[in-house]
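Visitor: Got a structure here, written out as structure tokens. Questions coming.
The values are calculated or read from the model by the stated rules, or taken from the named source; none is laboratory data. Just so you know, these numbers come straight off a predicted model, no measurement behind them. Here the Cβ positions follow ideal geometry from the backbone for every residue, glycine too, while neighbour counts run over all protein chains shown.
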Amino acid sequence: MKRSCATRATTDRRLARRVRQYAQGWATERRYLEVSKHRTERCKQIAWRHGILLSEVGSTLHGVSDGSTGDDLDLMGICFEPPQTAIGLEKFEQFEGRWHKDGTPIPDGTRSGAGDTDLTSYSLRKWARLAADGNPTVQLILFSPENKVYHQNRYGRMLREAANLFISKESGSRYLGYLRSQVQLMLGLRSGHTNRPELVETYGVDLKAGYHACRLGIQGIQLMREGYVSLPMRDCDREPLIALRRGEYGRDSQRWVLDYLAVLEDELKRSIDQSHLPDHPDRVLIDNFLANAHLEYWEEAQLV
């Protein structure tokens with residue numbers, strides 16, 4: 001017995017819906033596994049036992065946090081890997097931990113709130129790969145002021161003194177790319193939704209994404225011109241960003257951000273072209289630095 005066109009169409013829609021549900025479920029499960037593998041007790045042990053550097057990052061480091069912005073505390077660490085994970089079969093890239101002010105863990109999928117702490121501690125090798133690629137987030141730890149550094153041994157100090165190994169025009173291009181990604185997020189173009197619907201409802205735009213875009217433009221320009229990033233941000237740079245985060249521009253926030261970003265983006269592109277920095281980092285020098293540091297630490301810690 002032949003099915004009618006209407007019956008076939010209904011069946012096809014149900015099948016398509018099931019396929020989408022399966023794909024979404026698998027994607028969620030894969031993301032959960034991807035996150036969870038960085039939160040094991042073994043990862044935590046490596047991060048704390050072999051840590052060389054731990055610093056604030058995020059709004060508190062940039063100097064754009066106050067009592068009205070409801071920020072959490074973002075921490076970034078860097079650690080050596082033991083030989084088993086660096087050259088053996090065991091794998092370690094990073095440790096991730098999130099906890100409330102009272103020390104209780106934050107469940108996956110729950111947004112951090114005021115007073116919460118988010119920690120990511122990278123292996124030195126993974127951090128160096130990201131930094132050499134110009135990743136703005138991981139490079140910030142090179143410029144943290146001493147009062148924002150919670151732990152630093154001599155290897156952490158050596159790394160910060162070698163900051164010039166990782167800074168190049170590639171960094172400027174990454175700042176530009178991150179800026180544009182935040183603009184898309186602000187406008188709801190990346191995923192069709194925002195993680196901060198309460199800001200969109202009040203101001204018509206995701207203020208935090210807009211703030212990040214402006215910050216990236218300001219800091220990228222300074223990095224290309226001066227070879228470092230001022231942390232906290234200079235008063236003349238951070239005061240309008242604090243006003244933005246507080247919502248002082250009201251429903252005009254999107255227009256303010258887009259007008260400001262048009263200027264920043266042009267200036268950042270010009271700063272990259274005119275920068276005295278090398279076009280690319282010297283990856284041979286970075287490899288030698290990493291190899292020597294690992295061998296010295298392993299011998300010192302009697303791991304080999």
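Visitor: Residue check, residue 106 against (1) at pLDDT 95 or above; (2) under 16 Å from residue 75 (Cα atoms), all met but one. Which one?
Guide: For residue 106, the failing item is (1).
Visitor: Please state which of the following conditions residue 225 fails to meet, knowing it meets all the rest: (1) in a helix (DSSP H, G or I); (2) modelled with pLDDT of 95 or more; (3) under 22 Å from the mean Cα position of the chain (by Cα); (4) not small (Gly, Ala, Ser).
Guide: (3)
Visitor: Name the single residue that is farthest from residue 124 (Cα to Cα) among those in the range 275-290 being surrounded by 11 or more Cβ atoms within 10 Å (Cβ to Cβ) and without any contact (Cβ under 8 Å) to a residue 24 or more places away in the chain.
Guide: The extreme case among them is 288.
Visitor: Hey, any hits in the range 144-166 for a residue that's part of a helix (DSSP H, G or I), at pLDDT 95 or above and small (Gly, Ala, Ser)?
Guide: Yes, the range 144-166 contains a residue that is part of a helix (DSSP H, G or I), at pLDDT 95 or above and small (Gly, Ala, Ser).
Visitor: Among the residues that make up the range 196-209, is at least one of them closer than 15 Å to residue 183 by Cα, modelled with pLDDT of 95 or more and small (Gly, Ala, Ser)?
Guide: no
Visitor: So which residues in the range 227-271 are closer than 27 Å to residue 56 by Cα and of a type in the set (A, V, I, L, M, F, W, C), if there are any at all?
Guide: If the condition is that a residue be closer than 27 Å to residue 56 by Cα and of a type in the set (A, V, I, L, M, F, W, C), then 229, 231, 233, 236, 241, 242, 243, 244, 257, 261, 264, 268 are the ones that fit.
Visitor: Moving on to the next point. Using the structure shown, decide if residue 216 is over 30 Å from residue 126 (Cα atoms) and buried (at least 20 other Cβ atoms within 10 Å of the Cβ).
Guide: no
Visitor: Still on this model: Given the residues 297, 211, which is the only one that is of a type in the set (Ser, Thr, Tyr), farther than 23 Å from residue 59 by Cα and part of a helix (DSSP H, G or I)?
Guide: Of 297, 211, the one residue that is of a type in the set (Ser, Thr, Tyr), farther than 23 Å from residue 59 by Cα and part of a helix (DSSP H, G or I) is 297.
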